[in-house]
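Below: one structure, written as structure tokens.
The values are calculated or read from the model by the stated rules, or taken from the named source; none is laboratory data. On a predicted model such as this, the values are computed, not experimentally measured, just so you know. Here Cβ is always computed from backbone atoms with ideal geometry, including for glycine, and neighbour counts include all displayed protein chains. Ligands, DNA and RNA are excluded from the accessible area calculation, which covers all protein heavy atoms including side chains. Shrake-Rupley method; radii C 1.70, N 1.55, O 1.52, S 1.80 Å.
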Amino acid sequence: MQVTRLSEALGAEITGIDVSNIDEATYDAIHEAFLEHLILVFRDQDLTPQQQITFSEHYGEVEVHLATDHLHPDTDKMILISNKQVDGRYVGAVSAGDYWHSDLSCQARPNLASFLLARELPTDGGDTGFCNQYAALDTLPDDLRQKIEGRNGIHTFNRMRNPRVKVPEMHKGDAQMRYADRAPPDGIHPIIRTHPETGRKALYVSHRFTVGIEEMPDEESRPILDAIFEHQLNDDLLYRHKWRLGDMIMWDNRCTTHHAYGGIPAGQIRHMHRTSLIGDVPF
Ligand code: SIN
């Protein structure tokens, strides 16, 4: 197995292995690389859904995503991220990733890690960006850090409660209530969280899910969150991945955020298989 750094900010490429056929020592080496590089790109993986699930399960318990209408038809342990339509209906979550986020931080136990495999790709666009939240915290201006030290962020699934994001057409009208009903209770998590395995501290707020700061009026929290979100877009913190067919990315949701940049040419398909692991309660 070869591990090659992908950027100054985060990320490593893993080559020379087939993740459907690896031994314990390699699982351990991957885990070590994962904690060091935060996101891993495995090249040339031709995995069945079950092989991806088996690989994922080696690192934790796979979650059944709450967006049940986009689960893989053969298994509820995998969600489709796709703009493919059958009978006028999207088979996958089409707007997943349209704003920076850490997976399901709106839950009491957000995702530990996610695994995204590229099955069909457009000729252009469809990149995914990743942001190193250890580094985002380390480089946060002191005055901003003081304002969030010891504070909790409020994270919501319901886009209708987040003025920073758009509500996709498919969630409007009749579907609006169903969508809002599906929202779990807000996730309330430390804005500076401690990674349970490395012990390092990371920023844990995002554009998509964080709508406020607990016990702070909105007029006060809004500019603080805006300043943090702008800081998180600093190029020095980011890696932008241009997908190749057969890439599978494994990312650590406890210390990174990610974003699907879009820009897929009209009529072209981007179809991805995603599994995610249930994480700890952030502290
Ligand atoms: C996601 O947010 O899980 C999806 C990211 C992507 O489609 O690039």
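For the range 120-139, name all the residues that are more than 10 Å from the ligand (Cβ to nearest atom), surrounded by fewer than 19 Cβ atoms within 10 Å (Cβ to Cβ) and of a type outside the set (Gly, Ala, Ser).
Within the range 120-139, the subset more than 10 Å from the ligand (Cβ to nearest atom) is 120-125, 131-139.
Within this subset, residues satisfying the condition of being surrounded by fewer than 19 Cβ atoms within 10 Å (Cβ to Cβ) are 120, 122-125, 138-139.
Within the range 120-139, Glu120, Pro122, Thr123, Asp124, Asp138, Thr139 meet the criteria.
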**Prompt:** Picking from Ser105, Ser56, Ser20, which residue would you name as being farther than 27 Å from Ile264 by Cα, crowded, with 22+ Cβ neighbours inside 10 Å and modelled with pLDDT of 95 or more?
**Reply:** Ser56
**Item:** Single residue of the range 213-268 satisfying the filter (hydrophobic (A, V, I, L, M, F, W, C) and assigned to a helix (DSSP H, G or I)) that is farthest from Ile148 (Cα to Cα)
**Value:** Leu237
**Prompt:** Of the residues that sit in the range 203-226 and are more than 20 Å from the chain's Cα centre (by Cα) and not acidic (Asp, Glu), which one is most open to solvent (accessible area, probe 1.4 Å)?
**Reply:** Arg222
**Asked** Which one of these does Leu144 not meet: (1) hydrophobic (A, V, I, L, M, F, W, C); (2) at pLDDT 95 or above; (3) in a loop (DSSP other than H, G, I, E, B); (4) open to solvent by 10 Å² or more (accessible area, probe 1.4 Å)?
**Response** (3)
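Against the condition small (Gly, Ala, Ser), more than 11 Å from the ligand (Cβ to nearest atom) and either open to solvent by 20 Å² or more (accessible area, probe 1.4 Å) or in contact with a strand residue (DSSP E or B) (Cβ under 9 Å, 6 or more places away or on another chain) (or both), how does Gly246 come out, does it pass? Give the derivation first.
Working: small (Gly, Ala, Ser): yes; more than 11 Å from the ligand (Cβ to nearest atom): yes; either open to solvent by 20 Å² or more (accessible area, probe 1.4 Å) or in contact with a strand residue (DSSP E or B) (Cβ under 9 Å, 6 or more places away or on another chain) (or both): yes.
Spelling it out, Gly246 is indeed small (Gly, Ala, Ser), more than 11 Å from the ligand (Cβ to nearest atom) and either open to solvent by 20 Å² or more (accessible area, probe 1.4 Å) or in contact with a strand residue (DSSP E or B) (Cβ under 9 Å, 6 or more places away or on another chain) (or both).
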**Request:** Select from the range 94-144 the residues that are acidic (Asp, Glu) and in contact (Cβ under 8 Å) with a residue 40 or more places away in the chain and write down the one among them that is farthest from Ile228 (Cα to Cα).
**Result:** Glu120
